[in-house]
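Chemist: I'd like to ask you about the structure that follows.
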Amino acid sequence: MARFIELDSTVGADEWIERVCEGMAGGALVAHPTTSVYGLGAADPELDPVVSHLKGRDAAVPILRLVSDSARLLNLFPDIVWPDVAAFLADAFWPGPLTLVLDDGSQSGLAVRAESHPATRAILSHWEGTLGSTSLNPGGGRPARTVGEARTVLGAMTDPERPVLLVAAADLAGPPPSTLLSLRRGECLLLREGAIERSKLERVLGRRLDLQGG
């Protein structure tokens, strides 16, 4: 069974933020709220395989990184390709449910999002790095939307040999997930239409988007 420590993000004091950041620095995993469902990740990308194993996810599939804002992203990843359209979209939709896939020299690219849930934003603003995020669910199962569901999912997971910090929040909105847009190799390709509709992106960009497989 997974060992998890629950921290209430709805309380008035901010000691929980310090505890989360201290835990991340020590290698703890974090179950955190997003605008739609609970996510699971770690500050250190080297722990992504641990996260994938814990939820029965294919370790070959990259885990996206959450950041506080585009300035922090560019400071942390100075070698990523950040085209003008990325800056334009970030200004329009970040923080919010838009995940951008960028060239970073790797085969798969880097998927990033500035998360808008206030609890996770508070962590990211305090933390000087990124936080991994994949939906909190057993492989193929429904992602946790409430703190009760998050407890149940974590309680049924195999022990990852490290603690999981559960950041408890009010009930989340549920699906759809973030919209996923690839800006790699000069493309502007919609990989998944989610919380931000294709039509809204196209109105902001003033152009039609290419669709994966379209």
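Chemist: Kindly provide the helix-only [θ] at 222 nm of the chain, computed as the sum of -39,500 (n - 2.57) over DSSP H runs of four or more divided by all residues, to the nearest 500 deg cm²/dmol?
Modeler: Working: 7 runs with 63 residues, N = 214.
It comes out at -8500 deg cm²/dmol, rounded to the nearest 500.
Chemist: Using the Kirkwood radius over Cα pairs, work out the Stokes-Einstein diffusion coefficient for segment 13-124 at 25 °C and 0.890 mPa s, in µm²/s as a whole number. Before the final figure, lay out the partial values.
Modeler: Details: Rh = 14.9 Å.
For the chosen part, D equals 165 µm²/s.
Chemist: Sorted from largest down, give the three principal axis spans of the alpha carbons of segment 16-61, whole angstrom values.
Modeler: For segment 16-61, the Cα extents along the three principal axes come out at 32, 26, 13 Å.
Chemist: Report the antiparallel proportion of the DSSP beta bridges in the chain as a percent, rounded to a multiple of 5. Write out the running numbers ahead of the final one.
Modeler: Values: 15 of 32 bridges.
Here the share of antiparallel DSSP bridges comes out near 45 percent.
Chemist: Can I ask one more? Report, please, the projected area of the chain averaged over directions, based on the convex hull of its C-alpha atoms, in nm².
Modeler: 11.3 nm²
Chemist: Let me ask something additional. Suppose each label sits 7 Å from its Cα in the direction of the beta carbon; what would the Glu161-Lys200 distance come out to in nanometres?
Modeler: Result for the modelled spin labels: 4.3 nm.
Chemist: Can you give me the Rg/Rh ratio for segment 75-189, using Cα atoms for both radii and the Kirkwood formula for Rh? Walk me through the numbers on the way to the answer.
Modeler: On the way: Rg = 16.0 Å, Rh = 16.1 Å.
Value, to two decimals: 0.99.
Computed from the coordinates by the stated procedures, all read-outs in this text should not be read as laboratory data. Predicted model, so just to flag it, every value in this text is computed and none were measured. Positions of Cβ are backbone-derived with ideal geometry, glycine not excepted, and every protein chain shown enters the neighbour counts.
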